[in-house]
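Enquirer: Pasting in a structure now, in structure tokens, and then I'll have a few things to ask.
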Amino acid sequence: MDVKNVSDDGKKRSLLLASIGAVHANNLLAFLGSTVDITTLPYTNLKKQFTEILAPERNAVVAQHYFLNIRQQENENVPAFIASLQRNLSECKFEVMCPGNGGRCNTKVSAADLFLRAQFLRAKDEQTFMEMAQLAHILINIICRIGSH
């Protein structure tokens, strides 16, 4: 929460607590336990705690399940379908250990683009060849953009 012309963390904390409302403040108190005084928490910690209870991150396995069950709807156009796949892909955490350096890399790399391609092609198996070629071209452009970031 950025507040125009307010730089003091104490004032930001007060504004956040006032604007979030009693219900959410009480939920945070219950979440943190009775020993924590939310009125004295540093602003960044308070903001982080509210984010965790109000917008928790989806479990990666659950996100992967939802992603792998996405199908293009009958009247859904290709860009909307690809956007739906990309939106749901962000929480999946499709990661593998880097096989480089003789197996000693120990770096996680994203395999999301592979899953995106596979899900896209799996969902499109009933389309005609021309539609498939057009969709593959769009997908390749999107994957190239994702890979360059």
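The values are calculated or read from the model by the stated rules, or taken from the named source; none is laboratory data. Everything numeric in this text was worked out from a predicted model, so none of it was measured. Because the Cβ atoms are built from the backbone with ideal geometry, glycine has one as well, and the counts that use them run over all protein chains shown.
Enquirer: For segment 49-68, does any single residue satisfy the condition of being touching an Asp or Glu at 6+ places or on another chain (Cβ under 6 Å), part of a helix (DSSP H, G or I) and at pLDDT below 80? Reasoning before the result, please.
Expert: In the first step, residues of segment 49-68 are kept if they are touching an Asp or Glu at 6+ places or on another chain (Cβ under 6 Å); the result is 58, 63.
Narrowing further to those that are part of a helix (DSSP H, G or I): 63.
From what is left, the residues that are at pLDDT below 80 are none.
Taking every residue of segment 49-68 in turn, none turns out to be touching an Asp or Glu at 6+ places or on another chain (Cβ under 6 Å), part of a helix (DSSP H, G or I) and at pLDDT below 80.
Enquirer: Exactly one of (1) surrounded by 13 or more Cβ atoms within 10 Å (Cβ to Cβ); (2) at pLDDT 85 or above; (3) of a type in the set (S, T, N, Q) is unmet by N75. Its number?
Expert: (1)
Enquirer: For segment 14-23, enumerate the residues that are more than 25 Å from the chain's Cα centre (by Cα) and either among the hydrophobic types (A, V, I, L, M, F, W, C) or assigned to a loop (DSSP other than H, G, I, E, B) (or both). Don't jump to the end; show me each part of the working.
Expert: First pass over segment 14-23, keeping only residues more than 25 Å from the chain's Cα centre (by Cα): 14-15, 17-19, 21-23.
L15, L17, A18, G21, A22, V23, listed by residue number.
Enquirer: Does K11 meet the test of being at pLDDT below 85, over 27 Å from K93 (Cβ atoms) and either over 23 Å from the mean Cα position of the chain (by Cα) or in the same structural domain as R117 (by TED's automatic domain parsing) (or both)?
Expert: On the way: at pLDDT below 85: no; over 27 Å from K93 (Cβ atoms): yes; either over 23 Å from the mean Cα position of the chain (by Cα) or in the same structural domain as R117 (by TED's automatic domain parsing) (or both): yes.
In short, no.
Enquirer: Would you pick out the residues in segment 1-23 that are surrounded by 14 or more Cβ atoms within 10 Å (Cβ to Cβ) and in contact with a Leu (Cβ under 7 Å, 6 or more places away or on another chain)?
Expert: R13, L16 - these are the residues of segment 1-23 that are surrounded by 14 or more Cβ atoms within 10 Å (Cβ to Cβ) and in contact with a Leu (Cβ under 7 Å, 6 or more places away or on another chain).
Enquirer: Tally up the residues in segment 24-43 that are surrounded by 13 or more Cβ atoms within 10 Å (Cβ to Cβ) and not in a helix (DSSP H, G or I), please.
Expert: 3
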